[in-house]
1. Just the residues that are among the small types (Gly, Ala, Ser) and either in a loop (DSSP other than H, G, I, E, B) or at pLDDT 95 or above (or both), please, taken from the range 1-41.
2. Among the residues of the range 21-41, write down those that are among the basic types (Lys, Arg) and free of Cβ contacts under 8 Å to residues at least 24 places away in the same chain.
3. On the given criteria, is Glu50 among the acidic types (Asp, Glu) and either modelled with pLDDT under 75 or out of contact with any strand residue (DSSP E or B) (no Cβ under 6 Å at 6 or more places or on another chain) (or both)?
4. Report, by residue number, each residue of the range 42-58 that is part of a loop (DSSP other than H, G, I, E, B) and either touching a residue at least 60 places away in the same chain (Cβ under 8 Å) or out of contact with any Leu (no Cβ under 8 Å at 6 or more places or on another chain) (or both).
5. Would you be able to say whether some residue in the range 13-20 is without any contact (Cβ under 8 Å) to a residue 12 or more places away in the chain, surrounded by 10 or more Cβ atoms within 10 Å (Cβ to Cβ), out of contact with any strand residue (DSSP E or B) (no Cβ under 8 Å at 6 or more places or on another chain) and not charged (D, E, K, R)?
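The values are calculated or read from the model by the stated rules, or taken from the named source; none is laboratory data. Note that the coordinates shown come from a computational prediction; the quantities given were computed from them, not determined experimentally. Backbone-built Cβ (ideal geometry, glycine too); neighbour counts: all protein chains shown.
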Amino acid sequence: MKFKFLSLLVLVSVCAAANAGSAPWYRWKNIVDKTLTCAQITPGSAWESESGPYMESACRKLGKPA
């Protein structure tokens, strides 16, 4: 009985993880040399968020991914 319950729990967890959406992208500006990059998380302490969220990695289409 425990094995069936644990198997079901693992199956539900895997299905939930497979259904998760992607994280939004943001445009980051370097405060030292003003270069721009697009990333889901901050590239480091010398970067500040300029705009976003974007739906894709090119930072062209505004909005949160589905």
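1. Ala20, Gly21, Ser22, Ala23, Ala39
2. Within the range 21-41, Lys29, Lys34 qualify.
3. Answer is no for this residue.
4. Within the range 42-58, Thr42, Pro43, Gly44, Ser45, Ala46, Glu56, Ser57, Ala58 qualify.
5. Yes, the range 13-20 has at least one match.
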